[in-house]
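Some notes on the structure that comes next.
The values are calculated or read from the model by the stated rules, or taken from the named source; none is laboratory data. Fair warning: this is a prediction, and the values are worked out from it, not measured in the lab. Heads up, the Cβs are rebuilt from the backbone with ideal geometry, glycines too, and the neighbour counts pull from every protein chain shown. Ligands, DNA and RNA are excluded from the accessible area calculation, which covers all protein heavy atoms including side chains. Shrake-Rupley method; radii C 1.70, N 1.55, O 1.52, S 1.80 Å.
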Amino acid sequence: MNKVSFASSARFISRLSLGAALSAGLMMTAMTPAEAAKTTLNLGMSVEPTGLDPTIAAPVAIGQVTWQNVFEGLVTIDQTGKVQPQLAKSWEISADGLTYTFKLRTGVKFHDGEAFDAAAAKFALDRARGANSVNPQKRFFASIASIETPDAETLVLHLSAPTGSLIYWLGWPASIMVAPKSAENDKVTPIGTGPFKFASWMKGDRVELVRNGDYWNKEASAKLDKVTFRFIADPQAQAAALKSGDLDAFPEFAAPELMSSFDGETRLITKVGNTELKVVAGMNNAKKPFDDKRVRQALMMAIDRQTVIDGAWSGLGTPIGSHYTPNDPGYKDMTGVLPYDVEKAKALLAEAGYPNGFTFTIKSPQMAYAPRSAQVMQAMFAEIGVTMNIEPTEFPAKWVQDVMKDRNFDMTIVAHAEPLDIDIYARDPYYFNYRNPAFDALMKKVQETADPAAQNAVYREAQEILAEDVPALYLFVMPKLGVWDRKLKGLWENEPIPSNVLSGVYWEE
Amino acid sequence: MIALLARRFAGLILTLVIVSLLIFTVMDLLPGDPASIMLGTSASPETLAALRHELGLDQPLVLRYGQWLAGLLSGNLGNSLTYGVPVAGLIVERLAVTLPLALMAIVLSVSIALPLGVLAASRRGGVFAIIATLFSQISIAVPVFWVALLLIILFSTRLGLMPAGGFPGWNEGFLSALQALVMPAIALAMPQAGVLTRVARSAVLETMHEDFARTAVAKGLSSGAVLRRHIVPNALIPILTMIGLQFTFLVAGAVLVENVFNLPGLGRLALQALSQRDAIVMQDVVLFFAGLVIVMNFIVDLSYLVIDPRMRKAV
């Protein structure tokens with residue numbers, strides 16, 4: 001109401017004329033020159049972040065807006081899931097694995113002009129690991145005993161125990177570098193060192209970022225002038241916004257059943273990539289009858305994973321046999337360990353003392369994949385005489401309370417989003433109530449070495465244990481369903497870490 | 001008159017206090033804790049405790065309620081737990097969407113329903129009566145979100161005439177903001193127009209059989225003049241009551257439409273606050289709705305005085 005923009009009325013008029021042209025049956029194939037030289041991007045997301053600082057709240061949507069765009073870390077994780085230098089140009093790890101010495105880049109500035117140096121890096125890490133820290137991944141920093149800054153470009157971390165995953169964890173959204181002066185307000189006005197600067201947040205609708213002209217890394221400078229993240233929860237509305245051209249891209253489209261509706265669109269392409277989202281039906285391993293491994297194995301063998309994927313996610317997804325995705329280092333296909341076999345499942349149940357089956361309840365969150373998977377599983381369990389009741393459980397509020405905190409459940413189903421989180425089975429407390437000293441020892445062993453090959457070997461062993469023990473029923477990895485304009489290049493097809501990295505994104509002329 | 005206003009005002013305050021107490025208690029009884037929702041599945045108990053302390057959630061309910069009330073009295077609605085910004089600003093931002101939307105829907109439904117209802121009543125058995133009955137039955141029966149989807153498919157996806165959803169904001173140009181609200185307003189207005197058509201029709205019908213209407217006819221006035229001067233003004237009272245009720249219903253009930261069209265309105269704010277267990281936002285929004293209902297009823301009462309001279313005398 002403050003100023004009348006002619007651009008938008010022009011857009012309206014162009015829409016009107018476009019509509020008129022279409023309805024008159026004219027062919028409109030040529031794009032206007034203005035669109036060819038596009039330097040803005042409208043990108044859709046299903047969930048609005050509840051704050052823009054990934055170091056003080058967990059929702060992945062926060063990192064999907066700000067990580068790598070506004071904020072950067074000492075290191076980063078690339079498209080293939082590998083660690084790469086970022087604000088630290090190099091690092092050395094002492095032979096005993098207890099001292100990490102980082103060489104930092106010089107001349108890097110935060111968006112408000114504050115310098116990034118060793119003192120700022122120490123501030124960010126101390127804030128994340130301090131007594132009052134509310135960092136959702138505070139455990140990442142637990143082994144850091146002290147931090148030294150011998151000079152402005154050197155950062156030394158002294159650890160209390162070897163932590164082989166530390167470098168990888170430092171690439172996570174929760175480990176980004178924030179500045180002493182601005183950190184307090186990052187939740188509302190994020191200030192980082194990244195290729196984009198925060199411009200505005202219209203809550204409930206959009207976040208706008210603009211190009212950072214003073215970005216330190218000239219090779220990775222943003223090619224887009226402005227990016228608008230728009231938050232659209234309803235899948236039908238998402239599809240409509242894409243088809244009408246209101247959105248240029250939806251990197252994580254929420255409704256697999258609507259993917260085929262884009263088939264006839266000449267302007268849009270669809271890409272099915274990988275994510276880290278593991279859909280698993282976790283069981284309460286401390287509770288009867290799930291404390292019996294044979295029962296868990298029987299339930300696993302009663303499930304045909306492909307049928308679950310077909311029923312729940314329109315056939316888009318990859319079956320898994322443990323808590324690990326094909327993206328992850330050291331992946332081993334474990335789907336053959338307990339394959340779909342009704343007769344064997346029945347035999348296992350009888351052996352465990354349940355020849356006539358039993359009845360239990362699954363607490364199913366409202367996200368589309370959960371009730372759909374649960375319904376398919378319900379039918380499959382019925383085949384072996386097991387009755388499963390489905391109890392809808394509001395996510396996150398009631399689910400977090402009942403399952404995570406109170407552990408008052410038999411079975412639940414949820415997509416675990418964190419990359420390489422196989423160690424949750426060694427955590428105590430964690431909702432599975434799973435105890436296995438052999439597995440715990442492996443998770444410790446992973447941290448004792450920083451050598452990727454040695455780590456992969458341990459991870460393979462860990463997958464074998466989970467596939468055999470099935471503390472949770474391993475169902476499938478969710479695909480990353482991307483829909484975007486054909487002329488838009490540089491968006492990530494896979495998702496080794498939940499993100500929308502936009503520095504390499506551009507419009508093809 | 002002043003006594004009436006004072007009584008009204010005292011009642012208003014009392015209602016708001018009761019509503020606020022109720023919502024505070026209910027939010028506290030609901031399972032789920034905003035701190036653990038924010039920190040997700042990996043947080044340790046210590047981190048959770050630190051955040052609960054930071055948000056003031058470790059204080060007893062009575063104290064939190066008192067602080068909130070004290071804040072209200074000094075004009076401070078408090079900060080949203082999840083967004084971390086003042087709630088007052090959030091509500092104002094959202095009202096800039098929801099109020100115009102509700103107003104547009106009211107104007108639309110009144111301008112459809114009034115003529116249709118009056119014509120249907122005055123020409124019973126005619127084509128307007130059939131149209132009115134059909135229209136009100138269909139528009140009440142058809143779900144709002146379905147109408148919304150049809151509009152999107154036709155005007156956005158197929159014809160490309162309208163934006164499929166979202167709200168550009170008023171400072172992006174009046175026209176594009178208005179344009180973003182047209183289809184949601186139509187979807188929202190449909191069932192309201194249906195209800196209002198029925199109310200208008202039966203109110204006019206009833207008034208037609210009143211003595212004064214018969215007298216007017218007996219005096220030799222034309223049927224059009226009788227309708228204009230005697231019947232419609234008298235029939236307006238139930239119609240106005242309905243419109244007043246509908247307005248508050250539209251503001252609070254726009255959740256579905258706001259969701260389908262992805263409009264950042266009050267309804268969506270309330271829904272999001274509920275799922276995040278953001279008690280402060282929830283309380284403020286519910287309090288706002290309660291206040292709105294009370295104020296609207298008051299305005300409807302006042303408008304009777306304007307329309308009907310007999311009521312002016314009674315007061």
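Odds and ends about this structure:
- Any pair with Cβ under 9 angstrom, 6 or more apart, that starts in the range A:107-126 at a residue that is without any contact (Cβ under 8 Å) to a residue 12 or more places away in the chain and ends at one that is acidic (Asp, Glu): A:113/A:214
- Answer residue from the range A:243-259, given it is outside any loop (DSSP other than H, G, I, E, B) and touching a residue at least 40 places away in the same chain (Cβ under 8 Å) and is surrounded by the fewest Cβ atoms within 10 Å (Cβ to Cβ) among those: A:257
- Among the residues of the range A:81-90, those that are assigned to a loop (DSSP other than H, G, I, E, B) and either open to solvent by less than 10 Å² (accessible area, probe 1.4 Å) or closer than 24 Å to residue B:41 by Cβ (or both) comprise A:81, A:87.
- Flag if residue B:244 is under 12 Å from the mean Cα position of the chain (by Cα) and touching a residue at least 60 places away in the same chain (Cβ under 8 Å): no
- Considering B:285, B:257, the condition of being under 30 Å from residue B:35 (Cβ atoms), in a helix (DSSP H, G or I) and either aromatic (Phe, Trp, Tyr) or within 13 Å of another protein chain (Cβ to nearest Cβ) (or both) is satisfied by B:285 alone.
Results for (1) within 14 Å of another protein chain (Cβ to nearest Cβ); (2) in contact (Cβ under 8 Å) with a residue 24 or more places away in the chain, shown as yes or no for each residue.
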{"residue": "A:342", "(1), (2)": "no, yes"}
{"residue": "A:345", "(1), (2)": "no, yes"}
{"residue": "A:348", "(1), (2)": "no, yes"}
{"residue": "A:351", "(1), (2)": "no, yes"}
{"residue": "A:360", "(1), (2)": "no, yes"}
{"residue": "A:368", "(1), (2)": "no, yes"}
{"residue": "A:374", "(1), (2)": "no, yes"}
{"residue": "A:379", "(1), (2)": "no, no"}
{"residue": "A:393", "(1), (2)": "yes, yes"}
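- Residue match in the range A:369-376 (condition: part of a helix (DSSP H, G or I) and more than 26 Å from the chain's Cα centre (by Cα)): no
- Remark: pairs (first residue in the range B:149-161, within 7 Å of another protein chain (Cβ to nearest Cβ) and free of Cβ contacts under 8 Å to residues at least 60 places away in the same chain; second residue open to solvent by 70 Å² or more (accessible area, probe 1.4 Å) and not in a helix (DSSP H, G or I); Cβ separation under 6 Å; 6+ apart in sequence or on different chains) are absent.
- Top-ranked residue in the range A:207-225 [being surrounded by 21 or more Cβ atoms within 10 Å (Cβ to Cβ) and within 22 Å of the chain's Cα centre (by Cα); ranked as farthest from the other protein chains (Cβ to nearest Cβ)]: A:209
- Qualifying residue in the range B:2-11 (condition: within 13 Å of chain A (Cβ to nearest Cβ), charged (D, E, K, R) and open to solvent by 60 Å² or more (accessible area, probe 1.4 Å)): no
- With respect to (1) touching a residue at least 60 places away in the same chain (Cβ under 8 Å); (2) farther than 19 Å from residue A:450 by Cβ; (3) not in a loop (DSSP other than H, G, I, E, B), the lone exception for residue A:204 is condition (3).
- Candidates B:89, B:75, B:84: the one that is open to solvent by 10 Å² or more (accessible area, probe 1.4 Å) and either among the aliphatic types (A, V, I, L, M) or part of a helix (DSSP H, G or I) (or both) is B:89.
- Here residue B:123 meets each of (1) more than 22 Å from the chain's Cα centre (by Cα); (2) touching a residue at least 12 places away in the same chain (Cβ under 8 Å); (3) away from chain A (no Cβ under 13 Å) with one exception, condition (2).
- Every condition in (1) within 20 Å of residue A:131 (Cα to Cα); (2) in contact (Cβ under 8 Å) with a residue 24 or more places away in the chain holds for residue B:44 except the one numbered (2).
Matching residues to (1) more than 30 Å from residue B:231 (Cα to Cα); (2) assigned by TED's automatic domain parsing to the domain that holds residue B:264; (3) touching a Gly at 6+ places or on another chain (Cβ under 9 Å):
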position: B:82; (1), (2), (3): yes, no, yes
position: B:100; (1), (2), (3): yes, yes, no
position: B:105; (1), (2), (3): no, yes, no
position: B:121; (1), (2), (3): no, yes, no
position: B:149; (1), (2), (3): yes, yes, no
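- Of residues in the range B:16-32 being facing another protein chain (nearest Cβ under 9 Å) and surrounded by fewer than 20 Cβ atoms within 10 Å (Cβ to Cβ), the one nearest to residue B:285 (Cα to Cα): B:30
- So residue A:138, is it touching a Gly at 6+ places or on another chain (Cβ under 7 Å) and within 11 Å of chain B (Cβ to nearest Cβ): no
- Those residues of the range A:186-201 which are aliphatic (A, V, I, L, M), closer than 24 Å to residue A:223 by Cα and within 14 Å of chain B (Cβ to nearest Cβ), in sequence order: A:199
- Hits in the range A:48-80 - residues which are part of a loop (DSSP other than H, G, I, E, B) and at the interface with chain B (Cβ under 10 Å from one of its Cβ atoms): A:48, A:49, A:50, A:51, A:52, A:53, A:56, A:57, A:58, A:59
- Any strands (runs of 3 or more DSSP E) falling wholly within the range A:91-199 and containing at least 2 residues that are open to solvent by 30 Å² or more (accessible area, probe 1.4 Å) and touching a strand residue (DSSP E or B) at 6+ places or on another chain (Cβ under 7 Å): A:99-104, A:144-151
- The criterion of at least 1 residues that are open to solvent by less than 10 Å² (accessible area, probe 1.4 Å) and among the basic types (Lys, Arg) is met by the following strands (runs of 3 or more DSSP E) wholly inside the range A:381-495: A:472-485.
This table checks each residue for (1) touching a Gly at 6+ places or on another chain (Cβ under 6 Å); (2) at pLDDT 95 or above; (3) hydrophobic (A, V, I, L, M, F, W, C).
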residue	(1), (2), (3)
A:192	no, yes, no
A:199	no, yes, yes
A:207	no, yes, yes
A:211	no, yes, no
A:222	no, yes, yes
A:231	no, no, yes
A:243	no, no, no
A:251	yes, yes, no
A:263	no, no, no
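- Some residue of the range A:226-242 being buried (at least 20 other Cβ atoms within 10 Å of the Cβ), assigned to a loop (DSSP other than H, G, I, E, B), in the same structural domain as residue A:494 (by TED's automatic domain parsing) and at negative phi: yes
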